[in-house]
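This is the structure I want to talk about, given as structure tokens.
The values are calculated or read from the model by the stated rules, or taken from the named source; none is laboratory data. Bear in mind that the values here come from a model prediction, so they are computed numbers and not experimental data. Here the Cβ positions follow ideal geometry from the backbone for every residue, glycine too, while neighbour counts run over all protein chains shown. Note: areas computed on protein heavy atoms with side chains; ligands, DNA, RNA excluded. Shrake-Rupley method; radii C 1.70, N 1.55, O 1.52, S 1.80 Å.
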Amino acid sequence: MSDVADRTFEETIARHDRIEPRDAMPDDYRHTLIRQIAQHAHSEIIGMQPEGNWITRAPSLRRKAILLAKVQDEAGHGLYLYSAAETLGVSREELTRNLLTGAQKYSSIFNYPTLSYADVGTIGWLVDGAAICNQVPLCRTSYGPYGRAMIRICKEESFHQRQGYELLATMMRGTDEQRAMVQESVDRFWWPSLMMFGPPDGDSPHTAQSMAWGIKRHTNDELRRWFVDMTVPQAEALGVTLPDPALAWNAERASYDFGEPDWDEFWAVVKGDGPCNAQRLAHRQQAYDDGAWVREAALAFAEKAGDEG
Ligand SMILES: [Fe+2]
Ligand SMILES: [Fe+2]
């Protein structure tokens, strides 16, 4: 990059303006964004699987319609984000290959199994809730296409969170057995949800640079605390217990104290040893292979349409 281009970039970042696809940008900024947006897109796509697992077994037509809409939204989020990544000069083919070979990651939360219908509610409440905490600040991220995709996505995420909460609230008003299902589900998903914000700030090598570039607006630990403060009153309203004995109101900080997630488990899942990593990727590979004829037909059609136009 020339000195002038470099200065223009720095000034745009300093003004909190957006960098657009045709603007000059440092290679490291471009690569950091590709890595982050790709990981985000892959998470939306892989994230369809744990809940998709329950579509055929939804307890009522209403629940089925809600769940179908939610899982379809996640597919849409993946597509917005792949498009945003493509504006940085990476192809969709390459992104897909990087997901399937494990060269790029997706959120570890989706490597946990869904064992009961209560998990659909818990994922909406906690996992989409954590996603909202992560994503709302990203609406102001410095890269234009990413920020604009996030604005659309966040509107749908709040529906996801509410449908999850409403499902759990309904179950909590039901039988003892239903209440026990909710509690068991929350016990399994609480700690992995806290891990969604990434490692503690001290072990997060990219955070400082990402914040200097305006890609990230808050650190992992800040976002995690924000999520806990938002969620504890909701847990109380639901009548579920969050499985953390260290959880307590800290009047001095006007915020909750909470325990440390098991970071060894976190790194094991990131490295591929979670309960469902192999299953999620195998399923994605199968879907990709099964879709080959659609891609071929679409290309043939586009060529034909091009010839005639
Ligand atoms: Fe999403
Ligand atoms: Fe969602």
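Which of the residues that make up region 54-95 are surrounded by fewer than 16 Cβ atoms within 10 Å (Cβ to Cβ) and touching a residue at least 40 places away in the same chain (Cβ under 8 Å)?
Arg57, Pro59, Gly76, Ser83, Gly89 - these are the residues of region 54-95 that are surrounded by fewer than 16 Cβ atoms within 10 Å (Cβ to Cβ) and touching a residue at least 40 places away in the same chain (Cβ under 8 Å).
It is to be established whether one or more residues within region 251-260 are in a helix (DSSP H, G or I) and either open to solvent by 50 Å² or more (accessible area, probe 1.4 Å) or polar (S, T, N, Q) (or both).
no
Consider Pro21 against the criteria (1) under 18 Å from Ile153 (Cβ atoms); (2) open to solvent by less than 90 Å² (accessible area, probe 1.4 Å): it satisfies all of them except one. Which criterion is unmet?
So Pro21 meets the others, but not (1).
Moving on to the next point. Test Val71 against the criterion of being within 12 Å of ligand 1 (Cβ to nearest atom) and either within 25 Å of Leu223 (Cβ to Cβ) or among the hydrophobic types (A, V, I, L, M, F, W, C) (or both), and give yes or no.
yes
Rundown of residues vs (1) at positive phi; (2) touching a strand residue (DSSP E or B) at 6+ places or on another chain (Cβ under 7 Å); (3) of a type in the set (Phe, Trp, Tyr), yes/no style:
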site	(1), (2), (3)
Pro205	no, no, no
Trp213	no, no, yes
Lys216	no, no, no
Trp249	no, yes, yes
Ala254	yes, no, no
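Could you list all residues from region 175-218 that are outside any loop (DSSP other than H, G, I, E, B), polar (S, T, N, Q) and in contact with a Ser or Thr (Cβ under 8 Å, 6 or more places away or on another chain)?
Gln183, Ser185, Thr207, Gln209, Ser210
Exactly one of (1) within 16 Å of ligand 2 (Cβ to nearest atom); (2) open to solvent by 10 Å² or more (accessible area, probe 1.4 Å); (3) under 30 Å from Thr12 (Cβ atoms) is unmet by Ala41. Its number?
(2)
For region 101-130, name all the residues that are in contact (Cβ under 8 Å) with a residue 40 or more places away in the chain, open to solvent by 20 Å² or more (accessible area, probe 1.4 Å) and part of a loop (DSSP other than H, G, I, E, B).
Hits for region 101-130 are Gly102, Gln104, Lys105, Tyr106, Ser107, Tyr112, Pro113, Leu115, Tyr117.
Here's something else I'd like to know. So the check is Cβ under 6 Å with 6+ separation or different chains; which pairs have a first residue in region 211-236 that's more than 30 Å from Tyr29 (Cα to Cα) and a second one that's among the polar types (S, T, N, Q) and at pLDDT 90 or above?
Every condition considered, the pairs that remain are Asp229/Ser255.
Considering only residues that are crowded, with 24+ Cβ neighbours inside 10 Å and either within 13 Å of ligand 1 (Cβ to nearest atom) or not in a loop (DSSP other than H, G, I, E, B) (or both), which ones fall in region 135-149?
Scanning region 135-149 gives Tyr143, Tyr146, Ala149.
Can you find a residue in region 2-17 that is within 15 Å of ligand 1 (Cβ to nearest atom) and surrounded by 18 or more Cβ atoms within 10 Å (Cβ to Cβ)?
Within region 2-17 (the criterion being within 15 Å of ligand 1 (Cβ to nearest atom) and surrounded by 18 or more Cβ atoms within 10 Å (Cβ to Cβ)), the answer is no, since none of the residues qualifies.
Moving to a separate point now. Among the residues of region 181-197, how many are crowded, with 23+ Cβ neighbours inside 10 Å and over 16 Å from the mean Cα position of the chain (by Cα)?
3
Further question on the same structure: Any chance you could count how many residues in region 150-160 are in contact with an Asp or Glu (Cβ under 8 Å, 6 or more places away or on another chain) and more than 10 Å from ligand 1 (Cβ to nearest atom)?
1
Let me ask something else. Taking into account only those residues within region 200-217 that are closer than 19 Å to Arg18 by Cβ and not small (Gly, Ala, Ser), which is most open to solvent (accessible area, probe 1.4 Å)?
So, considering only residues that are closer than 19 Å to Arg18 by Cβ and not small (Gly, Ala, Ser), the one most open to solvent (accessible area, probe 1.4 Å) is Gln209.
Take region 150-161 and flag every residue that is loosely packed, with under 15 Cβ neighbours inside 10 Å and in contact with a helix residue (DSSP H, G or I) (Cβ under 9 Å, 6 or more places away or on another chain).
Hits for region 150-161 are Ile151, Arg152, Ser158.
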